[in-house]
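The values are calculated or read from the model by the stated rules, or taken from the named source; none is laboratory data. This structure is a prediction, so every number in the text was calculated from the model and none was measured. Don't worry about glycine lacking a Cβ; one is built from the backbone with ideal geometry, like all the others, and counts go over all protein chains shown.
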Amino acid sequence: MSPETPDYAEIRDAVRALCAEFPDEYHRRVDAERAYPEAFVDALTKAGWLAALIPQEYGGSGLGLAEASVIMEEINRSGGNSGACHGQMYNMGTLLRHGSEAQKRQWLPKIASGELRLQSMGVTEPTTGTDTTKIRTVAQRRGDRYVVNGQKVWISRVQHSELMILLARTTPLAEVAKKSEGMSIFLVDLREAVGHGLTVRPIPNMVNHETNELFFENLEIPAEQLIGTEGQGFRYILDGLNAERTLIAAECIGDGRWFIDRVSAYVKDRVVFGRPIGQNQGVQFPIAEAHIEVEAADLMRWEACRRFDARQPCGTQANLAKYLAAKASWEAANACLQFHGGFGFACEYDVERKFRETRLYQVAPISTNLILSYVAEHVLGLPRSF
Ligand SMILES: Cc1cc2nc3c(=O)[nH]c(=O)nc-3n(C[C@H](O)[C@H](O)[C@H](O)COP(=O)(O)OP(=O)(O)OC[C@H]3O[C@@H](n4cnc5c(N)ncnc54)[C@H](O)[C@@H]3O)c2cc1C
């Protein structure tokens, strides 16, 4: 943190105090049971932390991205996993920025109070992967409804959400001037959709993360659930990515600090060959290196937050922050696991759980390679590769 950056001590202390009520044993048990951390997410919701980015006029606390990022960082630093609930913080951004006043008045106060959860966003598809403009899920207008057919994959928290943002093609790819046009965003009421055109199939996966395949078969969505202008949905999704990437960078920084704290404490205590293993430079250096990288990533996270909150372009900074933070937390995870020796693999140390959790951020919500590609093309002006 540079001297000019506030330390947000009040928010940090309050989130830390809440997180302290959910110690390692809680997160370990939830992980072992492959359960959803209901009590933890409920407590965060009731305390208003997940409504940080919703303006006060719609019932939220109207904080900036910097404050929101501190909340996510502290959750991960406490040993928790923001992946269970971060969608509730940023998915509403699409509605806030592009929804009509009537839509905002209808939905945002209930999202802010937690009465309705907008935890899910359905973009990724099995056959198209990162090449989003090729999505095959279609929404056809029929009178006062849209009828949706297609398939999505890896859509998180659907079983713990009442609402979902959905990206679907409304004009066939062959009929649009630019491939990024002709896609639209809908607010899907999952309470009505599931079992009436939407089938949800959970995907067991490496992390305790509720994520699913979705099958749409003539799902009807009222036309008033379209957000913004038909055909502009891809642009709306892109608009939300800077906040998402910056928040996830902060989560990775929280993870990185958790790993470094844990491993530093462990190597001071663990005596092998008659001295603490932390006295060996071969042990010290990877930990020191990870610390340096976490701190460097943190500076870029603050720069992304500062620009976002000042409404300046921040795509580059958000991407760089996500890249640096995910890399730093992964290096910290490796050092932490390595220097716990065999104990790193024992669930009771929590290292293997956090190791699995932080690994995800090399791939989702955007893979490291795609960030490199963004930098090559949009920052360095190299030829477009795809
Ligand atoms: C646990 C989990 C939760 C998720 N939650 C959601 C969600 O809630 N909503 C949602 O919409 N999606 C979600 N996703 C999907 C996630 O965003 C994608 O998995 C991710 O964007 C990568 O897409 P893909 O899996 O289709 O990989 P692909 O596009 O098939 O790419 C595979 C790999 O190939 C490489 N690659 C691909 N293209 C290029 C290229 N042009 N240049 C260089 N390398 C390339 C990258 O390394 C990439 O990791 C989730 C994924 C996971 C694993």
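Yes or no: the stretch 306-316 includes at least one residue that is within 16 Å of the ligand (Cβ to nearest atom), β-branched (Val, Ile, Thr) and surrounded by 15 or more Cβ atoms within 10 Å (Cβ to Cβ).
No, because not a single residue in the stretch 306-316 is within 16 Å of the ligand (Cβ to nearest atom), β-branched (Val, Ile, Thr) and surrounded by 15 or more Cβ atoms within 10 Å (Cβ to Cβ).
Go through the stretch 159-188 and report how many residues are under 12 Å from Met121 (Cα atoms) and not polar (S, T, N, Q).
Of the residues in the stretch 159-188, 11 are under 12 Å from Met121 (Cα atoms) and not polar (S, T, N, Q).
Under the condition of being of a type in the set (D, E, K, R) and more than 9 Å from the ligand (Cβ to nearest atom), which residue from the stretch 110-136 is surrounded by the fewest Cβ atoms within 10 Å (Cβ to Cβ)?
Glu115
Here is a list: Gly240, Gly228, Gly233. Which entry is surrounded by 15 or more Cβ atoms within 10 Å (Cβ to Cβ), modelled with pLDDT under 95 and in contact with a strand residue (DSSP E or B) (Cβ under 9 Å, 6 or more places away or on another chain)?
Only one candidate passes the filter, namely Gly240.
Scan the stretch 215-235 for residues that are of a type outside the set (Gly, Ala, Ser), closer than 17 Å to Thr137 by Cβ and out of contact with any Gly (no Cβ under 6 Å at 6 or more places or on another chain) and jot them down.
Scanning the stretch 215-235 gives Phe215, Glu220, Ile221, Gln225, Leu226, Glu230, Gln232, Phe234.
Is at least one residue of the stretch 178-194 farther than 27 Å from Gly114 by Cβ and without any contact (Cβ under 8 Å) to a residue 40 or more places away in the chain?
Looking through the stretch 178-194, at least one residue is farther than 27 Å from Gly114 by Cβ and without any contact (Cβ under 8 Å) to a residue 40 or more places away in the chain.
Of the residues Gly80, Gly62, only one is surrounded by fewer than 20 Cβ atoms within 10 Å (Cβ to Cβ) and not in a helix (DSSP H, G or I); which?
Gly62
Being surrounded by fewer than 22 Cβ atoms within 10 Å (Cβ to Cβ), assigned to a strand (DSSP E or B) and touching a Leu at 6+ places or on another chain (Cβ under 8 Å) is the filter here, so list the residues in the stretch 160-197 that pass it.
If the condition is that a residue be surrounded by fewer than 22 Cβ atoms within 10 Å (Cβ to Cβ), assigned to a strand (DSSP E or B) and touching a Leu at 6+ places or on another chain (Cβ under 8 Å), then Asp189 is the only one that fits.
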